[in-house]
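Structure first, commentary second.
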Amino acid sequence: MKHRYPSSSASQQPAPTAQLNDIGFIGAGVMGQNLIMNLVDNGYTVTAFDLDQSKLDTLLLLDQEERGDQPPRISRCSSYTELLASIRSPHLIILSVPAGSAVDDVCHKLIDAGIAADDILVDTGNSLWTDTIEREKTYEGKLIFFGTAVSGGEVGARFGPSLMPSGDPYAWTRIKPIWEAIAAKVESSTGKSISRSKPGETINIGEACTTYIGPSGSGHYVKMVHNGIEYADMQLLCEAYQVLRFGLDYSCEEISSLFSQWNQGPLASYLLEVSAEVLKTQDPISHQPLVDVILDQAGQKGTGLWTSVSSLELGCPAPTIAEAVFARAMSTKKLERLRASDALSGPTKIPALDTEASFLESLHDALLCAKTVAYAQGFDLMRQQARQQNWNLDFAAIAKIWRGGCIIRAALLRSISAAFQRDPDLENLCLDVNIAESLSQQQQSWREAVARITLMGIPTPALSSALSYYDSYRSQLLPANLLQAQRDYFGAHSFERVDSPRGKKFHFLWGSPSATIVEQ
Ligand SMILES: NC(=O)C1=CN([C@@H]2O[C@H](COP(=O)(O)OP(=O)(O)OC[C@H]3O[C@@H](n4cnc5c(N)ncnc54)[C@H](OP(=O)(O)O)[C@@H]3O)[C@@H](O)[C@H]2O)C=CC1
Ligand SMILES: O=C(CO)[C@H](O)[C@H](O)COP(=O)(O)O
């Protein structure tokens, strides 16, 4: 351990008294407000700071409403000096501000306000994992910067998120009981969520959806990949919706009930549940389905993009995740798409379906296979990055903490954690004996769905790219032999031969009258 902690900062701060709060919290926005309420439900007292003081008004009102005749659990403050003076030493401060410069802004201001070297600042935002590594180094000796990525949106933050902590092991010993208290819980035997949905409720049974991920930055990397899978999963559901809506003329209500039905089986997931809920929601203004009045231009904050960049940098294919990012980008070209819809033709003949029921079954299986493949890509990325960074990631534990609280929680994660428990060094999820069997059984339906949908002219970039990944991954031969020959032809880039030891390079003298191969 690199840190050499000076004596506790207690000397610079007021001595602990009953009035001092347990935790300082900076950023009382969507996530911050809910994390704070989760902390106080679990018995911690908090001093909160936000640039926007009206957010603190709301927070204190909420505390007043929920605590009944108990004393206040939250104090507000208007400066970092006040924040430090109002919490126990060594200080523990949690940060929930937008990723990027706001995080450093807070660090600098806390340093100016006298934060001590053994005080802990936990960044719960979606920070770029390399920024977290840099920050831990930059602020060493001034404060202990510790990353904990959080998933679960506002409801998760309030009643139990999935938490991905990483960094300084000493800081982890202090944070662990708090994270275990506020995290989502799942039943050990079934992996099912133990629901908690009322203010004041706490759950002290089951497995907490948090585990120490590893060295600095690893938790934020794992969360970034979680979000990449989230992008893919969301896109797959959007593609299924579009096929049903415009290929089969289903109403939103009908799609909602089909999704709810699918949610009882192996596709069960929070995102499917959310989609079913969204699709049955009416717009109070136009009284049409709400989705029909939402502009089809997707936003993004960057984690899917970072996952795809990481995939390219590592040379570790995650095309389904990348296609999901591209799909969001394509959606923003609204005006161009409107022009292109006039200029470019679609299918002239759409063959009739054999039966609607068999197509729905194929679509169901296609979704399940593509979702599995998206997870396989995500876990492969984590495996490659872990190798490069020398992180010892426990993939079974990661799959387990995603079973509850987080946005990608899904029944499938039970098979995924079981796969990594069977073989912690599993190269690719598709190779797990049970997962391989399911994919092999369902791949024909997947092809039929993709082929049908292609003939309908409905774009399914994630569904189809996942199938191409599956087929590429199971190919003994890929056309990279021709590709190597092309490279050698125009750039003398050389190639290896199948009949020579690996590493030996050859160049063909293209265009020379005698067919000559030279060893490089
Ligand atoms: N929303 C979600 O579902 C999830 C979000 N996250 C991550 O959590 C973090 C917080 O997100 P979210 O709660 O949605 O964001 P919000 O914008 O709702 O809240 C962020 C809060 O931080 C305040 N803030 C901004 N800059 C500073 C600063 N320099 N110093 C102090 N306070 C500041 C903001 O104040 P002001 O409004 O005045 O700028 C705001 O109150 C982000 O990193 C996000 O990516 C992670 C998981 C899920
Ligand atoms: O981290 C999250 C959930 O896990 C956030 O909801 C994330 O910000 C969503 O990303 P985007 O805005 O890019 O869709």
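Summary table
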| quantity | calculated |
| --- | --- |
| Residue satisfying condition, being in contact (Cβ under 8 Å) with a residue 12 or more places away in the chain, within 10 Å of ligand 1 (Cβ to nearest atom), of a type in the set (D, E, K, R) and closer than 27 Å to GLY405 by Cα, within set ASP63, ASP123 | ASP123 |
| Enumeration of residues in the stretch 194-221 that are modelled with pLDDT of 95 or more and touching a helix residue (DSSP H, G or I) at 6+ places or on another chain (Cβ under 6 Å) | ALA208, CYS209, THR210, THR211, TYR212, ILE213, SER216, GLY217, HIS220, TYR221 |
| In the stretch 403-459, residue farthest from ligand 2 (Cβ to nearest atom) [restricted to those that are buried (at least 22 other Cβ atoms within 10 Å of the Cβ) and among the basic types (Lys, Arg)] | ARG403 |
| Sole residue being within 16 Å of ligand 2 (Cβ to nearest atom) and not hydrophobic (A, V, I, L, M, F, W, C), chosen from GLN282, GLN288, GLN297, GLN261 | GLN297 |
| One residue from ASN38, ASN34 being part of a helix (DSSP H, G or I), near ligand 1 (Cβ under 10 Å from one of its atoms), in the same structural domain as ILE182 (by TED's automatic domain parsing) and within 30 Å of the chain's Cα centre (by Cα) | ASN34 |
| The lone exception for LEU84 - which of (1) surrounded by 21 or more Cβ atoms within 10 Å (Cβ to Cβ); (2) in contact with a helix residue (DSSP H, G or I) (Cβ under 7 Å, 6 or more places away or on another chain); (3) not acidic (Asp, Glu) it fails | (2) |
| Looking only at the stretch 109-151, and only at residues there that are in contact with a Gly (Cβ under 7 Å, 6 or more places away or on another chain) and of a type in the set (D, E, K, R), the one that is surrounded by the most Cβ atoms within 10 Å (Cβ to Cβ) | ASP123 |
| Candidate set: the stretch 152-173, residues that are small (Gly, Ala, Ser) and touching a residue at least 60 places away in the same chain (Cβ under 8 Å); chosen: the one surrounded by the fewest Cβ atoms within 10 Å (Cβ to Cβ) | GLY153 |
| Some residue of the stretch 300-308 being of a type in the set (Phe, Trp, Tyr), away from ligand 1 (no atom under 16 Å from the Cβ) and either part of a helix (DSSP H, G or I) or closer than 15 Å to ALA462 by Cα (or both) | no |
| So ALA268, is it aliphatic (A, V, I, L, M), under 26 Å from MET224 (Cα atoms) and more than 16 Å from ligand 2 (Cβ to nearest atom) | yes |
| Hey, THR138 under 24 Å from HIS91 (Cα atoms), among the β-branched types (Val, Ile, Thr), within 15 Å of ligand 1 (Cβ to nearest atom) and not assigned by TED's automatic domain parsing to the domain that holds ALA386 or not | no |
| From the options PRO319, PRO284, residue that is away from ligand 1 (no atom under 16 Å from the Cβ) and surrounded by fewer than 16 Cβ atoms within 10 Å (Cβ to Cβ) | PRO284 |
| Flag for SER218 being in contact (Cβ under 8 Å) with a residue 60 or more places away in the chain, buried (at least 16 other Cβ atoms within 10 Å of the Cβ), more than 16 Å from ligand 1 (Cβ to nearest atom) and under 25 Å from ILE94 (Cα atoms) | yes |
| Test result for LEU83, free of Cβ contacts under 8 Å to residues at least 60 places away in the same chain and more than 22 Å from PRO199 (Cα to Cα) | yes |
| Within the stretch 152-266, helices (runs of 4 or more DSSP H) holding 2 or more residues that are assigned by TED's automatic domain parsing to the domain that holds ALA411 | 218-242, 252-262 |
| Qualifying residue in the stretch 225-245 (condition: surrounded by fewer than 18 Cβ atoms within 10 Å (Cβ to Cβ), at negative phi and without any contact (Cβ under 8 Å) to a residue 24 or more places away in the chain) | no |
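Per-residue answers, yes or no, for (1) of a type outside the set (Gly, Ala, Ser); (2) within 15 Å of ligand 1 (Cβ to nearest atom); (3) touching a His at 6+ places or on another chain (Cβ under 8 Å):
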{"site": "LYS142", "(1), (2), (3)": "yes, no, no"}
{"site": "GLY147", "(1), (2), (3)": "no, yes, yes"}
{"site": "GLY152", "(1), (2), (3)": "no, yes, no"}
{"site": "PRO161", "(1), (2), (3)": "yes, yes, no"}
{"site": "PRO165", "(1), (2), (3)": "yes, yes, no"}
{"site": "ILE175", "(1), (2), (3)": "yes, no, no"}
{"site": "GLY191", "(1), (2), (3)": "no, no, no"}
{"site": "ILE194", "(1), (2), (3)": "yes, no, no"}
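The values are calculated or read from the model by the stated rules, or taken from the named source; none is laboratory data. Being a predicted model, the structure only gives us computed values, none of them experimental. Ideal geometry is used to build each Cβ from the backbone, glycine not excepted, and the neighbour counts take in all protein chains shown.
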